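> The following block contains the structure, expressed as structure tokens.
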């Protein structure tokens, strides 16, 4: 991220109690590297995991912990802090902090600030999977999302993964770099939202085609590039529907995610999201599926492995490009190739009927990696090769290119 993008902005970071609090230190470093100021409020439980001295050294400001400090509250310090910030970030956001804010409870400095502020808050939940999935926590999250105006909550994560307790599922706090990107998006402001009023549908990740109840055909797509594209479009103000195959990623801030597993499910979800202005089909859809899924696990037999009869999956990209009145004004496909990138991408552009193709060579270490090098092929014959960079940077470049396309005379 450019060092000037957040230059001069003011972030108030509330650090809740949880093992993920250690990530807040890296988040502070990234925010300051991006040019913003940070002040930290450390809850009593947060102080069990990180120290005030660590936060003070990284923020360059004293760390606030107590609501009832006479020197601070003589000038109504909790009000002053809430007015100082351009954005409040709660990371990690515990079940307790979420519950207090959702129900208007204010019994310490952090919860009082969240009630006293007129600024938006970005929440990065982190807790055990069972806590996150508890109906009370989900009800409080939904309540936060429904608040209108400045108090309307933005959430990033939680991500799926292994917990410190050894369980697996949603509950891991989003990574600091992802939180920084969400901060940047929320502070972009109306002036930077050049896709405001546009609707976009993005596909991401692999599909999984079952063979029997325990096996299936899939691929190595992590979904990182598609998720980054959805986030980048939302940052520019687009209303984004993300149709995602099975991945271990949290939904980007401000994006409506639809979970699917198979190619036919993805096709149905994409067409349900139409009409749209923009379609970016970055998912790695399985080309084939088994003709007749076994109802029980296929067992080893003396005759050797079974013969699988495969049939073609629907061509989602071509279907969107030929959607008639519901065809998006801009349809962008992806070509993941291991050889002859330009020739194969150009052929796919023509064959599918889309407007642009993003071509990338996946013969090296693209799958699961955080970096990518792509070439953008346009229907008019032009092409743009971008240097190897983070998938977030690729996504932003593509979103900016899309925004520029819509600003050009048609």
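The values are calculated or read from the model by the stated rules, or taken from the named source; none is laboratory data. A quick note: this is a predicted structure, and the numbers were derived from the prediction, not measured. Don't worry about glycine lacking a Cβ; one is built from the backbone with ideal geometry, like all the others, and counts go over all protein chains shown.
> Assigned by TED's automatic domain parsing to the domain that holds residue 218, surrounded by fewer than 20 Cβ atoms within 10 Å (Cβ to Cβ), assigned to a helix (DSSP H, G or I) and in contact with a strand residue (DSSP E or B) (Cβ under 9 Å, 6 or more places away or on another chain): is that true of residue 397 in this structure?
Spelling it out, residue 397 is indeed assigned by TED's automatic domain parsing to the domain that holds residue 218, surrounded by fewer than 20 Cβ atoms within 10 Å (Cβ to Cβ), assigned to a helix (DSSP H, G or I) and in contact with a strand residue (DSSP E or B) (Cβ under 9 Å, 6 or more places away or on another chain).
> Considering each of 16, 60, 8, 35 in turn, give the residue that is touching a residue at least 12 places away in the same chain (Cβ under 8 Å) and closer than 23 Å to residue 157 by Cα.
Sole residue among the options that is touching a residue at least 12 places away in the same chain (Cβ under 8 Å) and closer than 23 Å to residue 157 by Cα: 16.
> Right, next: Check off (1) without any contact (Cβ under 8 Å) to a residue 12 or more places away in the chain; (2) in contact with a helix residue (DSSP H, G or I) (Cβ under 7 Å, 6 or more places away or on another chain) for residue 268 and give me the number that stays unchecked.
(2) is the only condition that residue 268 fails.
> While we're looking at this one, here's another question. Is it the case that the stretch 333-346 has a residue that's surrounded by 13 or more Cβ atoms within 10 Å (Cβ to Cβ), part of a loop (DSSP other than H, G, I, E, B) and touching a strand residue (DSSP E or B) at 6+ places or on another chain (Cβ under 7 Å)?
Within the stretch 333-346 (the criterion being surrounded by 13 or more Cβ atoms within 10 Å (Cβ to Cβ), part of a loop (DSSP other than H, G, I, E, B) and touching a strand residue (DSSP E or B) at 6+ places or on another chain (Cβ under 7 Å)), the answer is no, since none of the residues qualifies.
Table: residues versus (1) free of Cβ contacts under 8 Å to residues at least 12 places away in the same chain; (2) touching a helix residue (DSSP H, G or I) at 6+ places or on another chain (Cβ under 6 Å); (3) surrounded by fewer than 16 Cβ atoms within 10 Å (Cβ to Cβ).
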site: 262; (1), (2), (3): no, no, no
site: 293; (1), (2), (3): no, no, yes
site: 312; (1), (2), (3): no, no, yes
site: 321; (1), (2), (3): no, yes, no
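> Which residues, taken from the stretch 247-260, are crowded, with 23+ Cβ neighbours inside 10 Å and either modelled with pLDDT of 95 or more or touching a strand residue (DSSP E or B) at 6+ places or on another chain (Cβ under 6 Å) (or both)?
Within the stretch 247-260, 250, 253 meet the criteria.
> Let me ask something else about it. In the same structural domain as residue 216 (by TED's automatic domain parsing), closer than 22 Å to residue 265 by Cα and touching a residue at least 12 places away in the same chain (Cβ under 8 Å): which single residue out of 362, 374, 358, 280 fits that description?
280
> Right, something else. When residue 354 is evaluated against the numbered criteria (1) modelled with pLDDT under 90; (2) assigned to a loop (DSSP other than H, G, I, E, B), which criterion, by number, is the only one it fails?
(1)
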